[in-house]
1. Name the residue that is most open to solvent (accessible area, probe 1.4 Å), counting only residues in the stretch 45-81 that are modelled with pLDDT of 95 or more and of a type in the set (Ser, Thr, Tyr).
2. Considering 190, 229, which residue is touching a helix residue (DSSP H, G or I) at 6+ places or on another chain (Cβ under 6 Å), farther than 30 Å from residue 90 by Cβ and of a type in the set (Phe, Trp, Tyr)?
3. Among the residues of the stretch 321-343 satisfying the criterion of being in a loop (DSSP other than H, G, I, E, B) and over 15 Å from the mean Cα position of the chain (by Cα), which is farthest from residue 145 (Cα to Cα)?
4. Given the criteria small (Gly, Ala, Ser), in a helix (DSSP H, G or I) and closer than 27 Å to residue 245 by Cα, does residue 284 qualify?
5. Can you name the residue in the stretch 90-140 that is within 20 Å of the chain's Cα centre (by Cα) and open to solvent by 40 Å² or more (accessible area, probe 1.4 Å) and, of all such residues, is farthest from residue 170 (Cα to Cα)?
6. If I ask for residues that are basic (Lys, Arg) and closer than 19 Å to residue 212 by Cα, which ones from the stretch 262-284 would you list?
7. Looking at 269, 287, 211, 246, which is the one that is open to solvent by less than 30 Å² (accessible area, probe 1.4 Å) and either touching a strand residue (DSSP E or B) at 6+ places or on another chain (Cβ under 8 Å) or of a type outside the set (Asp, Glu) (or both)?
Amino acid sequence: MRAIGFLLLLPFVFACLPVKAQSAFALITSNRNFSASNYCIYPDSIEPVMTEVPAGKKPFYISHYGRHGSRYLSNRKGYDIPYQMLAKADSLGKLTPTGKEVFAEMAMILQDTEGRWGDLTGLGKQQHRDIARRMIEHFPEVFEGAARIDARSTTVNRCIVSMGAAMQQMIALNPKLRITMEASKRDMWFMNYQDMHLRALMNTPATKAAYDKFSASRISNPRLMHLLFNDSVYAKEQVSEEWLNYYLLKTALIQQNTSMSKRSKLIDYFSYEEIHRFWQRENAWWYFTYGPSPLNGGKQPYTQRKLLRRIIEQADSCIRMEAPGAQLRYGHETVVLPLTCLLGINGFDFQTEDLEHLEESGWWACLVFPMASNIQIVFYRESPKDKDVLIKVLLNERETRLPLPDELAPYYRWKDFREYYLKKLDAYEEIPVSEK
């Protein structure tokens, strides 16, 4: 269980409790927003610890893939489900005073979000400005003078704006930078590849059975129903306890990303235990949809094989240049998570058929893909003539471990990285589609 080792990194990620006391529940009681899964805000308030660079080596190139920053909910369905349940109950006089407070806040949130579905928030822009600034601060050699910066985004607006915010910050710090920006359907084959074969395998009968079993004891919330409704018979017959609990909590948790972050009190209506159960369900869902779950073949991370091959090929080309600069890509968490698993970063290629083992193993998706999450591959050499190129992979700006020879870890030889992952990709692509 190499993912257990990732727990040792948690003090640097959330600066919470001693390692022996670490658990998802402990982190949730320290900060309830941690339970938000892919709605978590970026943990950029902690300065990462950087291992000393091997003698003589200097950074000269960065290859990056990052998620867009904090956003609003992508569509109103998640708000409409709890809102309409509460609206109907209110019209029939079935809400308690607390229920009326929750209903009023839902109305306020809907008004704030209307017309902004999926949009980047002000916080999302700031996250990317901060990441860009720290990238230049930590690796100034890559961005000195008239360095070339090739920035690309998927065609989704929040990703384009994220890219723009980052490039705006970079040019403010170094006006000499030669920046190009693209957001084209032409790049979508590797920026956000949709593998329909693997997508069809996401939710197999085995994964559905395992998830339903895992969720059975985690979907109800009778305490919340009693808190909101004054008629238990009405609540039981007319309200979906599972979906009200689920979507109301999701609504509460995404507010940390919006202008409602300081005004919303929805999260206060849930106990730590209820929030933890929600986190467990979300974590399990992400594991079998984008992680390496053996229940559906363990191949979902290979959705990012085209991106990884592209990263390797472009790096091979850039290494031959005297001053390649950086290639920065802006997309989605549904790329960052499977790419992390495909690379086996910090043991995120961990496999188990028992979803109850995920939490104890340290396979916590929320540590991988908060808003503005990113993977940076930093390249080092002594000079353009130096053939012994080293790399370091950062996940959300923190050093990581890879399943490679580790005598220099967290630094690795590019030739080892290249050989290992190309062999891995070739082995997968040689398998007939019907057998995958």
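The values are calculated or read from the model by the stated rules, or taken from the named source; none is laboratory data. Values in this document were obtained by computation on a predicted structure and should not be read as measured data. Cβ placement follows ideal geometry from the backbone for every residue including glycine, while neighbour counts extend to all protein chains displayed. For the accessible areas, the whole protein counts, side chains as well, though only heavy atoms, and no ligand, DNA or RNA atoms are used. Shrake-Rupley method; radii C 1.70, N 1.55, O 1.52, S 1.80 Å.
1. Only one residue fits best here, namely 51.
2. Of 190, 229, the one residue that is touching a helix residue (DSSP H, G or I) at 6+ places or on another chain (Cβ under 6 Å), farther than 30 Å from residue 90 by Cβ and of a type in the set (Phe, Trp, Tyr) is 190.
3. Going through the qualifying residues, I end up with 321.
4. yes
5. For the stretch 90-140, the residue satisfying everything is 117.
6. 277, 281
7. Answer to the check: 287.
Residues are listed down the side, and each one gets a yes or a no for (1) in contact with a strand residue (DSSP E or B) (Cβ under 9 Å, 6 or more places away or on another chain); (2) β-branched (Val, Ile, Thr):
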{"residue": "160", "(1), (2)": "yes, yes"}
{"residue": "169", "(1), (2)": "no, no"}
{"residue": "175", "(1), (2)": "no, no"}
{"residue": "181", "(1), (2)": "yes, no"}
{"residue": "184", "(1), (2)": "yes, no"}
